[in-house]
Amino acid sequence: MIRREFITLLGGAAAWPLAARGQQAAMPVIGFLHSQSADGFTEPLRAFRQGLKDTGYVDGENVAIEHSWADNQTDRLPALAAELVRRRVTVITTFGPPAALAAKAATTTIPIVFSSGDDPVRLGLVGSLARPGGNLTGINFFVGELAAKRLELLRELVPGATRVALLLDPSVGQLTETTLGDVQAAAGSKGLQIQVLNVQTSPEINAAFATFMHERPDALFVGPSAFFASRRVQLALLTALHRVPALYPLRQFAEAGGLISYGASLTDAYRKSARTPVASSRVSSPLTYRSCSRRSSS
């Protein structure tokens, strides 16, 4: 990506709404919309600011970031998105499908840059990857599409496994449904029994692991979720305490002490989302991003 394209995004263009251009006369403002809380996202946030810096923008100097966190209450996202629109931010950057969908519903004029672990076409964020249309573009970093591959790796890690616990976050919606369907299909072909555990809060994570004392699954498959990423230290500690081999969707889980991960780097996705170009007269095609990492047990 060249710097000129990003300057077009933050500096204003003739095709943008008059309200947005009025805001840009002072200092461009990036609306930052997230379904979680800032706790647990220190490194991704640092990467996001670094992505801005790489293009010549520094928070508080020549660009401002308006943070809106839903604190794991996805029902707050529509109101938070509406507030960013009311403040006439230059662009809205979202993380996770619920935040992206809330922003899309709130405005058809302010550019939206999303970061999603599921197919943006299937989610309804864009019409197609080649011709997204509308006012959205972003990063698809291949989380949901890798569920079957993760289960295959988990089976290689624990060859004698017959029962696998599947930890899912229902608030993620379509991404969770996709993960569940892909895991169940792959498990059937491998002769594995799947036990689904739905959790949305930290106490529910503790309760889910308490069931392991009685049911003793052979392995744990952790589904993709921004909430799980924010609780990655808790998950890593509990899997170690209960001696359950677990596979995670993102590199940050392994860095927090988890056994093994297969998927993208969340920090890289945040950095790239800050550098996603938007052309002056239309939103560019969504980018795809994939990286994989593993950490073996010690």
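The values are calculated or read from the model by the stated rules, or taken from the named source; none is laboratory data. As the structure is a computational prediction, the values presented were derived from the model and not from experiment. Cβ: placed from backbone, ideal geometry, glycine included. Neighbour counts: every protein chain shown.
Points worth noting:
- Odd one out for Ser273, checked against (1) touching a strand residue (DSSP E or B) at 6+ places or on another chain (Cβ under 9 Å); (2) crowded, with 24+ Cβ neighbours inside 10 Å; (3) outside the structural domain of Phe48 (by TED's automatic domain parsing): (3)
- Only one of Ala130, Ala105 that is of a type outside the set (D, E, K, R) and either touching an Asp or Glu at 6+ places or on another chain (Cβ under 6 Å) or assigned to a loop (DSSP other than H, G, I, E, B) (or both): Ala130
- Looking across the range 63-102, just one residue is assigned to a helix (DSSP H, G or I), modelled with pLDDT under 95 and surrounded by fewer than 15 Cβ atoms within 10 Å (Cβ to Cβ), and that is Asp75.
Residue-by-condition table, conditions (1) under 20 Å from the mean Cα position of the chain (by Cα); (2) over 30 Å from Ala246 (Cα atoms); (3) not aromatic (Phe, Trp, Tyr):
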residue	(1), (2), (3)
Thr107	no, yes, yes
Asn140	yes, no, yes
Pro159	no, no, yes
Arg163	no, no, yes
Leu168	yes, no, yes
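- Residues located in the range 207-238, provided they are at pLDDT 90 or above, buried (at least 16 other Cβ atoms within 10 Å of the Cβ) and either small (Gly, Ala, Ser) or over 21 Å from Ser265 (Cα atoms) (or both): Ala208, Phe209, Pro217, Asp218, Ala219, Gly223, Ala236, Leu238
- Counted as qualifying within the range 176-272 are the helices (runs of 4 or more DSSP H) with 2 or more residues that are in contact (Cβ under 8 Å) with a residue 12 or more places away in the chain and small (Gly, Ala, Ser), namely 202-210, 226-230, 232-241.
- Residues in the range 11-62 that are among the aliphatic types (A, V, I, L, M) and crowded, with 20+ Cβ neighbours inside 10 Å were compared, and the one that is modelled with the highest pLDDT is Leu33.
- Every test in (1) touching a residue at least 60 places away in the same chain (Cβ under 8 Å); (2) in the same structural domain as Arg231 (by TED's automatic domain parsing); (3) closer than 21 Å to Ser265 by Cβ; (4) under 19 Å from the mean Cα position of the chain (by Cα) is passed by Val113 save one, and that test is (2).
- Taken over the range 190-201, the criterion of being surrounded by 14 or more Cβ atoms within 10 Å (Cβ to Cβ) and within 20 Å of the chain's Cα centre (by Cα) is satisfied by Asn198, Val199, Gln200.
- Counted residues, the range 117-137 - those being within 20 Å of Pro249 (Cα to Cα) and in contact (Cβ under 8 Å) with a residue 60 or more places away in the chain: 3
- Candidates Ala165, Ala187, filtered to the one that is touching a strand residue (DSSP E or B) at 6+ places or on another chain (Cβ under 9 Å), surrounded by fewer than 20 Cβ atoms within 10 Å (Cβ to Cβ) and of a type in the set (A, V, I, L, M): Ala187
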